[in-house]
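Report on one structure; see the data block that follows.
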Amino acid sequence: MNSRNGRFESEQSWRQFYLAALFELDPGRLPQRIAVAEQAIGKRTLALARTAGDSQSEQKALGNAHLALDELKRIHQVDRRVA
C-alpha cells in the first residue's frame with residue numbers, strides 16, 4: 001500500500017465513524033457512536049500533525065466534524081432532559 005492509499009483509508013476511517021454518529025437513530029447508542037467518532041477524529045488529527053504535507057482541507061473537515069459532534073452531544077443531552 002502506498003502512502004496515498006494509506007492516507008485515503010485513514011481519512012475514510014474517521015469519516016465512517018463520524019457519519020455513523022450523525023445518522024444513529026437509537027438514542028441509547030448515540031453516546032457511544034459519538035465517543036468512537038471523537039476518538040477517530042483525535043487520532044487522525046494527531047497523525048496529520050506528525051506528517052508533512054498539504055492536509056489543510058482535511059484538518060478543516062476534522063475541526064468541523066468535531067464541532068458538529070459537540071452540537072450533537074448538546075442536543076442529545078437536552079432531548080434526554082426533556083424526555
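For the range 43-69, the set of residues classified as open to solvent by 60 Å² or more (accessible area, probe 1.4 Å) and part of a helix (DSSP H, G or I) consists of 43, 45, 46, 49, 50, 56, 57, 59, 60, 64, 66, 67, listed by residue number.
Does the range 45-59 include one or more residues that are of a type outside the set (Phe, Trp, Tyr), on the phi > 0 side of the Ramachandran plot and more than 9 Å from the chain's Cα centre (by Cα)? Scanning the range 45-59, I find at least one residue that is of a type outside the set (Phe, Trp, Tyr), on the phi > 0 side of the Ramachandran plot and more than 9 Å from the chain's Cα centre (by Cα), so the answer is yes. The residue that is most open to solvent (accessible area, probe 1.4 Å), among those in the range 70-82 that are among the acidic types (Asp, Glu) and within 13 Å of the chain's Cα centre (by Cα), is 71. When the range 48-65 is filtered for residues that are over 11 Å from residue 18 (Cβ atoms) and touching a residue at least 24 places away in the same chain (Cβ under 8 Å), only 58 remains. Taking the criterion of being open to solvent by less than 90 Å² (accessible area, probe 1.4 Å) and at pLDDT 95 or above, would at least one residue in the range 2-12 satisfy it? Checking the range 2-12: not a single residue is open to solvent by less than 90 Å² (accessible area, probe 1.4 Å) and at pLDDT 95 or above.
Contact map, the range 18-47: residues that are farther than 14 Å from residue 75 by Cα paired with residues that are of a type in the set (Asp, Glu), Cβ distance under 8 Å, separation 6+ or inter-chain. Pairs shown: 33/24; 44/11; 44/58.
The values are calculated or read from the model by the stated rules, or taken from the named source; none is laboratory data. Everything numeric here is computed off the predicted structure, so don't read it as measured data. Ideal geometry is used to build each Cβ from the backbone, glycine not excepted, and the neighbour counts take in all protein chains shown. Each accessible area value is taken on the protein alone, full model and side chains, heavy atoms only, with ligands, DNA and RNA left out. Shrake-Rupley method; radii C 1.70, N 1.55, O 1.52, S 1.80 Å.
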